[in-house]
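Since the structure comes first, as structure tokens, the remarks are kept for the end.
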Amino acid sequence: MSDETKPLLRVLRGETRWPPPIWLMRQAGRYLPEYREIRAKVPDFIALCTTPSLATEVTLQPIRRYRFDGAILFSDILMLPWALGHGLAYKEGEGPVLPPLRDAQGIAALRPERVADAVAPIMETVRGVRAGLAREGFNETALIGFAGGPFTVACYMVEGGGSRDFAATRVMAYREPALFGRLLEVLTEATISYLLAQIDAGAEALMLFDSWAGILSPPRFRTCVIAPTQRIVARIRQRHATIPLIGFPRLGGSMIGEYAAIGINAVGLDTSMKLAVAHHLLPANVAMQGNLDPLAVVAGGKALADETHLILRRMRGRPFVFNLGHGIVPQTPPAHVAELTDLVRAG
């Protein structure tokens, strides 16, 4: 099947299809026993992300089970600061841990020139997944590459890991805007190079995860989220005019209209977004993606069916990709994911 006839790519380019294509954020991961089996043998998460044979296998696992319309590269948004030479470790029960980056010396220590070599194994994974999809007959499944939005990646780097409110990051953006702007600039340029490499390796669509966009005021959202994303979109379009781009400014609320106006093909909607509001804010040619509560999939049964049908009714008649409002959670029964795919494909 040619790229132009893959359902996900057609919808991302503005076509309305019914039933809609479906894939799920974090569809490869801890809810699958076959993933847990691999993870038990490779306790180092960075090693898993940078071993092409394993990362390829993990990416393909949910496609074999559910024949999703999108296969998203198995990796992590923090592989980019790791590639820049910034420290990164994943601790069980704690998540990612990085040296807090709070000054000009820390930014000067980042090494953009080492990114291409560092991410070479990830590009090998992209090539492996693209070949694997063809080899195993998943001809309708499109390969999605991704990166973190520069603001969200900066949040983890400044804080030194996750946070409830990313207070240090926000204070830095207010108190030292030039310094924070420099960090965003370095991350934006590195992200552009990273995404272009993914396209060259075989990615057919791209997604930007700005998971912490919603913590910002509207003026800061424009400066820290929209402006870097606009640069990324423009530079990618210079080289690849038709590559579909999905943006996920989580909890962006009323700002998603301005976000979409920079040339994004589709906007990922979090669970809190009222779909009627999204209809009003987004142009008719911009696809929506979302926004089922991941815990509805955990619940399964009538609750899952009711929530799924509600979204389908509200999205019929416009370009739409069925997905979750956030990533699938580890306690999700795989059988409930099969329930969900059956519901969506029945329309």
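Taking segment 194-216, which residues are among the charged types (D, E, K, R) and surrounded by fewer than 21 Cβ atoms within 10 Å (Cβ to Cβ)? Explain how you work it out, then say what you get.
Initially, segment 194-216 is screened for residues among the charged types (D, E, K, R), giving 200, 204, 210.
Within segment 194-216, D200 is the sole residue that qualifies.
All but one of (1) among the small types (G, A, S); (2) under 24 Å from G29 (Cβ atoms); (3) in contact (Cβ under 8 Å) with a residue 12 or more places away in the chain hold for A109, so report the exception by its number.
(2)
Of the residues R135, R164, R111, R130, only one is of a type outside the set (V, I, T), at pLDDT 95 or above and either farther than 28 Å from Q61 by Cβ or touching a Phe, Trp or Tyr at 6+ places or on another chain (Cβ under 8 Å) (or both); which? Even if it seems obvious, please write down each step before you answer.
Details: R135 fails: either farther than 28 Å from Q61 by Cβ or touching a Phe, Trp or Tyr at 6+ places or on another chain (Cβ under 8 Å) (or both); R164 fails: at pLDDT 95 or above; R130 fails: either farther than 28 Å from Q61 by Cβ or touching a Phe, Trp or Tyr at 6+ places or on another chain (Cβ under 8 Å) (or both).
When all the criteria are applied, what remains is R111.
Of all residues in segment 64-91, which are in a strand (DSSP E or B) and either out of contact with any Phe, Trp or Tyr (no Cβ under 7 Å at 6 or more places or on another chain) or among the polar types (S, T, N, Q) (or both)? Walk me through how you get there before you give the answer.
Taking segment 64-91 first, the residues in a strand (DSSP E or B) are 70-72, 89-91.
A71, A89, K91 - these are the residues of segment 64-91 that are in a strand (DSSP E or B) and either out of contact with any Phe, Trp or Tyr (no Cβ under 7 Å at 6 or more places or on another chain) or among the polar types (S, T, N, Q) (or both).
Could you tell me which residue of segment 173-183 is modelled with the highest pLDDT, considering only residues that are of a type outside the set (F, W, Y) and crowded, with 21+ Cβ neighbours inside 10 Å?
Kept after step one, since they are of a type outside the set (F, W, Y), are these residues of segment 173-183: 173, 175-179, 181-183.
Right, trim to crowded, with 21+ Cβ neighbours inside 10 Å and you get 173, 183.
Working: A173: 95, L183: 98.
By that ranking, first place goes to L183.
Looking at R114 and the list (1) farther than 27 Å from A28 by Cα; (2) touching a Gly at 6+ places or on another chain (Cβ under 9 Å); (3) surrounded by 14 or more Cβ atoms within 10 Å (Cβ to Cβ), which single condition is not satisfied?
It fails just one condition, (3).
Are there any pairs with C-beta distances below 6 angstrom linking a residue in segment 335-347 that is at pLDDT below 95 to a residue that is of a type outside the set (V, I, T), with the two at least 6 apart or on different chains, and if so which?
Note: pairs meeting the criteria are G347/W18; G347/P19.
Find the residue count for segment 184-193, including only residues that are under 24 Å from T56 (Cα atoms) and surrounded by fewer than 22 Cβ atoms within 10 Å (Cβ to Cβ). Please lay out each step first, then the result.
Going through segment 184-193, the residues under 24 Å from T56 (Cα atoms) turn out to be 190-193.
Filter once more, keeping what is surrounded by fewer than 22 Cβ atoms within 10 Å (Cβ to Cβ): 192-193.
Summing the residues that are under 24 Å from T56 (Cα atoms) and surrounded by fewer than 22 Cβ atoms within 10 Å (Cβ to Cβ) in segment 184-193 gives 2.
Restricting attention to segment 113-154, which residues are closer than 20 Å to G268 by Cα and either free of Cβ contacts under 8 Å to residues at least 60 places away in the same chain or over 15 Å from the mean Cα position of the chain (by Cα) (or both)? Explain how you work it out, then say what you get.
Taking segment 113-154 first, the residues closer than 20 Å to G268 by Cα are 141-153.
Scanning segment 113-154 gives a single hit, T141.
Looking only at segment 117-147, count how many residues are part of a helix (DSSP H, G or I), of a type in the set (A, V, I, L, M, F, W, C) and surrounded by 14 or more Cβ atoms within 10 Å (Cβ to Cβ).
Here is the first cut: in segment 117-147, the residues part of a helix (DSSP H, G or I) are 117-118, 120-135.
With of a type in the set (A, V, I, L, M, F, W, C) added as a condition, the list becomes 118, 120, 122-123, 126, 129, 131, 133-134.
Cutting the leftovers down to surrounded by 14 or more Cβ atoms within 10 Å (Cβ to Cβ) gives us 118, 120, 122-123, 126, 129, 133.
Of the residues in segment 117-147, 7 are part of a helix (DSSP H, G or I), of a type in the set (A, V, I, L, M, F, W, C) and surrounded by 14 or more Cβ atoms within 10 Å (Cβ to Cβ).
Limited to segment 1-36, what total is found for residues that are closer than 28 Å to L80 by Cβ and either in a helix (DSSP H, G or I) or out of contact with any helix residue (DSSP H, G or I) (no Cβ under 9 Å at 6 or more places or on another chain) (or both)?
Step one: filter segment 1-36 for residues closer than 28 Å to L80 by Cβ, giving 3, 6, 8-9, 11-13, 21-32, 34-36.
Restricting the remaining residues to those that are either in a helix (DSSP H, G or I) or out of contact with any helix residue (DSSP H, G or I) (no Cβ under 9 Å at 6 or more places or on another chain) (or both) gives 3, 6, 8-9, 11-12, 34-36.
So the count comes out to 9.
Can you report the number of residues in segment 48-82 which are charged (D, E, K, R), over 29 Å from V186 (Cβ atoms) and within 17 Å of the chain's Cα centre (by Cα)? Outline the logic, then answer.
Narrowing segment 48-82 to residues charged (D, E, K, R): 57, 64-65, 67, 69, 76.
Imposing the further condition that a residue be over 29 Å from V186 (Cβ atoms) reduces the set to 57, 64-65, 67, 69.
Among the residues that remain, those that are also within 17 Å of the chain's Cα centre (by Cα) are: 69.
Qualifying residue count, segment 48-82: 1.
For segment 315-338, give me each residue that is buried (at least 17 other Cβ atoms within 10 Å of the Cβ) and of a type in the set (D, E, K, R).
If the condition is that a residue be buried (at least 17 other Cβ atoms within 10 Å of the Cβ) and of a type in the set (D, E, K, R), then R318 is the only one that fits.
Tell me which of these G85 doesn't satisfy, since it passes every other one: (1) on the phi < 0 side of the Ramachandran plot; (2) more than 16 Å from the chain's Cα centre (by Cα).
Among (1) on the phi < 0 side of the Ramachandran plot; (2) more than 16 Å from the chain's Cα centre (by Cα), the lone unmet condition for G85 is (1).
Kindly indicate the residue of segment 237-254 that is touching a strand residue (DSSP E or B) at 6+ places or on another chain (Cβ under 7 Å) and not aromatic (F, W, Y) and also surrounded by the most Cβ atoms within 10 Å (Cβ to Cβ) among those meeting that condition. I'd like the intermediate steps shown before the answer.
Step one: list which residues in segment 237-254 are touching a strand residue (DSSP E or B) at 6+ places or on another chain (Cβ under 7 Å), which gives 243-250.
Filter once more, so that each one left must be not aromatic (F, W, Y): 243-247, 249-250.
Numbers: I243: 22, P244: 22, L245: 21, I246: 24, G247: 29, P249: 31, R250: 22.
So the residue we want is P249.
The values are calculated or read from the model by the stated rules, or taken from the named source; none is laboratory data. Computed from a predicted model, the values in this text were never measured in an experiment. Neighbour counts run over all protein chains shown; Cβ positions are idealised from the backbone, glycine included.
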